[in-house]
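Input: a single structure, listed below in C-alpha cells.
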Amino acid sequence: MSRDNKIQMPSGMGGLVRYFDEYHSKLRFKPGLSFKVRLYATFFGNPALGEAIRAVHFQRATADLNLEGKRILDAGCGWGPYSYDLARRFPQAEVVGMEYSPRTIEKNTVIAQRLGLGNLSFTAGDLLTPQEEARYDLVVCIDVLEHIEKDSLALANLVRALRPGGWLYVHVPAKTYRALFSNRFAKAMDAFPE
C-alpha cells in the first residue's frame with residue numbers, strides 16, 4: 001500500500017493472475033491448514049491454478065470489447081477481482097459488482113476506494129430477483145451459478161439485464177477435478193476462506 005492509502009493493482013495481461021498469486025500467498029501463514037497445503041503454497045505459489053487460468057481467459061475474451069462509456073455488471077462478484085480488473089481497464093465504463101453478502105460489499109467498497117476506482121461500485125443483490133431490464137452492456141457471472149439451485153432462473157435474470165446487443169460472459173466450473181496431491185489437499189483448499 002502506498003503512502004496515500006491506495007492499493008496498486010498490477011496491470012497488463014498478467015495483472016489479474018499476479019493479483020490472485022498475491023492473494024493466495026497468504027496460504028503459507030494460515031493457521032490450521034495441513035503441512036502439505038503450506039508446503040505447496042511456499043514452493044509453488046497459487047494452488048488455485050484454475051483461478052489464474054480463468055483470469056487469462058477472461059482478459060482475452062474482454063480485451064477487444066469496446067466497453068468505454070458502457071455499463072458492466074459483475075453478478076456474484078465475491079471479493080471482486082473481475083470488477084476491479086474491468087474498472088481499471090475501462091476507466092470510462094460504469095462497473096457494478098453485485099454480491100449477496102453485505103460484509104463483502106463493505107470490504108470491496110473500501111478496496112475500490114483505495115484503488116482509486118471511482119467508476120466502480122458494489123451493491124447488494126440476489127440473482128433470483130429480476131434485475132433492471134436492459135440496463136447493462138456486459139454481464140459477467142463467474143463461478144456463481146453452480147451454487148444456485150434455481151440456476152436457470154438466475155441465468156434468465158442475467159439475460160434480462162442485458163441491453164440489446166450486449167454480451168454475457170458466464171463461467172461454471174466442472175463438477176469433478178483432479179487434485180495435484182490428493183483429494184484431502186483439494187478439500188483443504190476448498191475450506192480456505194477468502
Kindly identify the stretch 52-105 as rounded, prolate or oblate by the Cα gyration tensor criterion: order the square roots of the eigenvalues as a ≥ b ≥ c, call it rounded if a/c is under 1.5, otherwise compare a/b with b/c, prolate if a/b is larger, else oblate.
oblate
Only sites in a loop by DSSP and with at most 12 other Cβ atoms within 10 Å count here; which trypsin sites (Lys or Arg not before Pro) in the stretch 106-173 make the cut?
Lys150
Spin-label model distance (nm) - Gln113 vs Ser101, 7 Å beyond Cα toward Cβ:
2.0
Sort Asp64, Asp151, Asp143, Asp74 by heavy-atom solvent-accessible area, probe 1.4 angstrom, most to least.
Asp64, Asp151, Asp143, Asp74
The simple spin-label model distance between Asp151 and Asp126, using points 7 Å out along Cα→Cβ, in nm, is 2.0
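The values are calculated or read from the model by the stated rules, or taken from the named source; none is laboratory data. Since the model is a prediction, treat every value here as computed from it, not as a measurement. With ideal geometry, Cβ positions are generated from the backbone for all residues, glycine too; neighbour counts draw on all protein chains shown. All accessible areas refer to the heavy atoms of the entire protein, side chains included, with ligands and DNA or RNA removed. Shrake-Rupley method; radii C 1.70, N 1.55, O 1.52, S 1.80 Å.
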